[in-house]
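The values are calculated or read from the model by the stated rules, or taken from the named source; none is laboratory data. A quick note: this is a predicted structure, and the numbers were derived from the prediction, not measured. Every residue, glycine among them, receives a Cβ derived from its backbone with ideal geometry; neighbour counts consider all protein chains shown.
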Amino acid sequence: MALSSISTGARNAGADGFVDQIDLGSTDASGDVQIATAAFATILAQPTFANPAFGSAAAGVATANAITDETNAPATGTAAVGRFRDRNNATVANFTVGTSGQDLNLNTTSITAGDRVSITSMTITAPAS
């Protein structure tokens with residue numbers, strides 16, 4: 001069944017439930033974002049979330065708290081995919097990476113070993129229908 005309308009409360013709960021998965025675990029102090037080449041062949045950068053990773057959702061949108069830069073990219077390559085990982089390094093979700101029209105848009109997909117890689121803002125949106 002397709003839903004034609006989802007209440008704001010349900011959208012907030014959905015967005016919060018998703019982003020709260022990033023805060024689960026105890027191995028690391030916070031979850032992270034891995035940015036990689038196609039099929040995760042090479043990890044290019046790993047910025048880290050704050051703990052908690054996101055604030056409470058409003059109007060179905062959860063906004064990330066500060067994301068710490070990757071200050072020394074470990075490898076060179078073209079970013080194509082990424083994933084959110086929880087504090088135990090388990091994958092929460094995979095996503096596409098590009099410069100426009102992707103799940104995560106960077107100013108360039110060309111990352112060189114030693115680069116600083118920054119994510120200045122991030123939101124997760126629960127759909128209204």
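Quick notes on this structure:
- Test: residue in the range 94-116 that is at pLDDT 95 or above and in contact with a helix residue (DSSP H, G or I) (Cβ under 6 Å, 6 or more places away or on another chain): no
Each row is one residue, and each column tells you yes or no for (1) within 12 Å of the chain's Cα centre (by Cα); (2) closer than 17 Å to D16 by Cα; (3) part of a loop (DSSP other than H, G, I, E, B).
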residue	(1), (2), (3)
L44	no, no, no
S56	no, yes, yes
A73	no, no, yes
F95	yes, no, no
T120	yes, no, yes
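- Meets criteria (assigned to a loop (DSSP other than H, G, I, E, B), touching a residue at least 40 places away in the same chain (Cβ under 8 Å) and either over 17 Å from the mean Cα position of the chain (by Cα) or loosely packed, with under 13 Cβ neighbours inside 10 Å (or both)) for A113: yes
- Only residues that are polar (S, T, N, Q), assigned to a helix (DSSP H, G or I) and surrounded by fewer than 15 Cβ atoms within 10 Å (Cβ to Cβ) were counted across the range 1-40, and they come to 1.
- Subset tally (residues that are aliphatic (A, V, I, L, M), more than 18 Å from T120 (Cβ to Cβ) and touching a helix residue (DSSP H, G or I) at 6+ places or on another chain (Cβ under 9 Å)) for the range 57-79: 3
- Scanning the range 64-77 for residues that are closer than 30 Å to S7 by Cα and loosely packed, with under 13 Cβ neighbours inside 10 Å yields a single hit, A66.
- In this structure, N65 does satisfy being closer than 30 Å to S129 by Cα and out of contact with any Lys or Arg (no Cβ under 6 Å at 6 or more places or on another chain).
- Within the range 41-58, being surrounded by fewer than 15 Cβ atoms within 10 Å (Cβ to Cβ) and in contact (Cβ under 8 Å) with a residue 40 or more places away in the chain holds for S56, A58.
- V61 vs. criteria closer than 25 Å to A13 by Cβ and either touching a residue at least 12 places away in the same chain (Cβ under 8 Å) or surrounded by 18 or more Cβ atoms within 10 Å (Cβ to Cβ) (or both): yes
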